[in-house]
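To keep things clear, I will list the structure first and then write my remarks on it.
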Ligand SMILES: [Zn+2]
């Protein structure tokens, strides 16, 4: 690949400030992808050999960007923060309290998609009465999806009613990133990945309308707004670090509305107890009184 040669020659000048180089490699990858040169669907041999391992479909030789070899990847990223929990099956069921504050290192970030168009933002969706825990970035079917940071693949699974094909990667900076609605995942669980490595192909699997990447950033299971850390239109992080504050994050969660479905035999006080709300508050939010009859299947706002 000609671009690979050019990049290799450049790198022989030994620009070994690794973050700079990584950024360069990442940008080159995204740029090439943007040119359509290395879209995975184009790179697939035709006809595709059935027993060809998916994770070998697309290995970019121009990612050989550091002549001393890439930085070693951490076998147990953010292990201390996660108290050794490597919870592969469940999605984000950590029972670990958030730290009061945490400096999240954002250096080495790579834009996960060739496109920077945001289709939907983080936050509460009044129409669907639920919180959207990530950002939707427009992608075309088969677009290469890349790891946002160095890390280790915690989960690669499928959920028909939710994220579809999705991958969760844990990073040394404490974040876990989720990539949803993929048409295919290109990584295995426990695989170590570098920022910018192809991890999947864009798609519309699961509960999705139109091809897009659903991208989440979570800290110990709590969804943080990716837009606080990443400047998507410009394809970079908002800075070298993000100062996480539990107070600010908790406030953001508390201020977002929450809804529950009434179960058989439910009472307002049972719902209030279950949801951490109060009967008075539920009545006010739903414009009902304590005497209003509630029915199973009915949706009530509790926050
Ligand atoms: Zn989404």
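Taking the conditions (1) away from the ligand (no atom under 16 Å from the Cβ); (2) modelled with pLDDT of 95 or more in turn, residue 168 satisfies each one other than (1). Under the condition of being outside any loop (DSSP other than H, G, I, E, B) and modelled with pLDDT of 85 or more, the residues counted in segment 90-125 number 8. Of the residues making up segment 177-187, not a single one is more than 15 Å from residue 208 (Cα to Cα) and surrounded by fewer than 21 Cβ atoms within 10 Å (Cβ to Cβ).
Could you go through segment 190-205 and let me know if any residue there is within 16 Å of the ligand (Cβ to nearest atom), under 15 Å from the mean Cα position of the chain (by Cα), assigned to a strand (DSSP E or B) and modelled with pLDDT of 95 or more. Scanning segment 190-205 turns up at least one residue that is within 16 Å of the ligand (Cβ to nearest atom), under 15 Å from the mean Cα position of the chain (by Cα), assigned to a strand (DSSP E or B) and modelled with pLDDT of 95 or more. The residue that is nearest to the ligand (Cβ to nearest atom), among those in segment 99-115 that are more than 14 Å from the chain's Cα centre (by Cα) and within 18 Å of residue 201 (Cβ to Cβ), is 115.
In the set (1) assigned to a loop (DSSP other than H, G, I, E, B); (2) at pLDDT below 90, residue 254 fails one condition alone, (1). With the requirement that a residue be more than 16 Å from the ligand (Cβ to nearest atom) and part of a loop (DSSP other than H, G, I, E, B), what does segment 144-158 give you? Those that are more than 16 Å from the ligand (Cβ to nearest atom) and part of a loop (DSSP other than H, G, I, E, B): 147, 149, 150.
For beta carbons closer than 8 Å, sequence separation of 6+ or different chains, a first residue in segment 65-86 that is assigned by TED's automatic domain parsing to the domain that holds residue 196 and a second that is at pLDDT below 65 and surrounded by fewer than 13 Cβ atoms within 10 Å (Cβ to Cβ), the qualifying pairs are 66/16; 67/12; 67/14; 67/16; 68/16. Return the only residue of 128, 161 being within 15 Å of the ligand (Cβ to nearest atom), out of contact with any strand residue (DSSP E or B) (no Cβ under 9 Å at 6 or more places or on another chain), in the same structural domain as residue 180 (by TED's automatic domain parsing) and within 22 Å of residue 202 (Cβ to Cβ). Matching residue, one of 128, 161: 161.
The values are calculated or read from the model by the stated rules, or taken from the named source; none is laboratory data. What you see is a predicted model, and the numbers here were worked out from it, not measured in a lab. Ideal geometry is used to build each Cβ from the backbone, glycine not excepted, and the neighbour counts take in all protein chains shown.
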